[in-house]
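> Have a look at this one before I ask anything.
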Amino acid sequence: MARFPPAEKTYAVADLFRARCLVSNRSLMWPDRSTWTIENIECLWDAYMVRADYSERSFFQKWGAQLANEPEDVHRLAADTLAFYYLFPNDRKQSTKIGNLRMVMNWKLGDPPPEFDEIAASYSLGIGNTGPYYHRAMPDQIAYYLEFAKLVKTKGIDPSDPVECHQAAEETLKIVPSGSAARHVLLHLLHPDYYERIASRSHKNRISEAFQALAGDSVDIDQRLRSIREALLES
């Protein structure tokens, strides 16, 4: 299966994200708060996507200024999304992930909640390499996660169903086409036994081409990789 066994702490946090944020609207790190509402998602989206800042400042400098006048629950939403964003990459140090997450919390929220320790522990081991684009286009990847959550809520999609998640991920990609890396990351984090831990479409295509005889007839790259994996396990 595609799951990376040493990263069980990471998958546990991803499970919490699905249950709390996508299903019940609660915050990942402040579970007593109803943070993941459509209204808050749209507010965060507007703050940094609609009112985009194209200056040469760093992403966090711009994000902090864009969120300065937003309510605390929007800041919680931003912190939750960043926490999820950092779950997969193994090409960023644990200290960097924790430091940036603390910085976002300090803009308005103060001391981290108790659940922060579980998040920090999950950063001790990444799942896979995301490549430079995932970090260079950080606003787009975060936008993808927000739009996916909004789609799940507005269309009643079951985030526990891998097929429904795949359909939602494809639809989200039409809205945020620059979030392609996030699309692969999200599907693996939510369904690690179903989708490969690969954040690159080109890498998936190379595997599919190398094992073309085992890939089956599907045009969907993830289904082709599943067919390859199943065939190799049976051989």
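> With a 1.4 Å probe and every protein chain kept in, tell me what percent of the accessible surface of the chain is carbon plus sulfur. Write out the running numbers ahead of the final one.
On the way: 5330 of 10690 Å².
Solvent-exposed carbon and sulfur of the chain make up 50 percent of the total.
> Now for a different question. What distance in nm separates the simple spin-label points at Ser202 and Val50, each placed 7 Å from Cα in the Cβ direction?
3.5
> How high is the relative contact order of the chain, in percent, counting Cα pairs under 8 Å that sit 6 or more residues apart?
22
> Is the stretch 67-150 rounded, prolate or oblate when judged by the Cα gyration tensor, a ≥ b ≥ c being the square roots of its eigenvalues, rounded requiring a/c under 1.5 and prolate requiring a/b larger than b/c?
Taking the square roots of the gyration eigenvalues as a ≥ b ≥ c, the stretch 67-150 is oblate.
> Another one. Once a ≥ b ≥ c are taken as the square roots of the eigenvalues of the Cα gyration tensor of the stretch 12-67, is the result rounded (a/c under 1.5), prolate (a/b larger than b/c) or oblate (a/b not larger than b/c)?
It is prolate, given that a/c is not under 1.5 and a/b is the larger ratio.
> Using only the alpha-carbon atoms, how far is helix 201-210 inclined from the longest principal axis of the chain? Give it as 0 to 90 degrees, nearest 10.
In the chain, helix 201-210 runs at an angle near 10 degrees to the longest axis.
> Return the long-range amide H neighbours of Gly128 (sequence gap of 5 or more, or a different chain), with a cut-off of under 5 Å between placed amide H atoms.
Close amide H contacts, sequence-distant or interchain: Asn90.
> Please work out whether the stretch 109-161 counts as rounded, prolate or oblate from its C-alpha gyration tensor, where a ≥ b ≥ c are the square roots of the eigenvalues and a/c under 1.5 means rounded, while otherwise a/b larger than b/c means prolate and anything else oblate?
Here the stretch 109-161 falls in the oblate category.
> Still on this structure, I have one more. What angle do you read, to the nearest 10 degrees and between 0 and 90, between the alpha-carbon axis of helix 72-85 and the longest principal axis of the chain?
30
> Under 22 Å Cα to Cα from Lys9, which lysines show up? Leave out anything in the same chain fewer than 8 places away.
Lys93, Lys97
> Tell me the angle of helix 162-175 to the major Cα principal axis of the chain, expressed in degrees between 0 and 90 and rounded to the nearest ten.
The two axes meet at around 60 degrees.
> Let me ask another. Percent relative contact order of the stretch 132-235, based on C-alpha pairs within less than 8 angstrom and at least six residues apart?
Result for the stretch 132-235 is 20 percent.
> Taking the solvent-accessible surface of protein heavy atoms with a 1.4 Å probe, what is the per residue accessible area of the chain in Å²?
45
The values are calculated or read from the model by the stated rules, or taken from the named source; none is laboratory data. Only a predicted model underlies this, so the values are computations on that prediction, with no experimental measurement involved. For neighbour counting, all protein chains shown are included, and Cβ atoms are generated from backbone atoms with ideal geometry for every residue, glycine included. Each accessible area value is taken on the protein alone, full model and side chains, heavy atoms only, with ligands, DNA and RNA left out. Shrake-Rupley method; radii C 1.70, N 1.55, O 1.52, S 1.80 Å.
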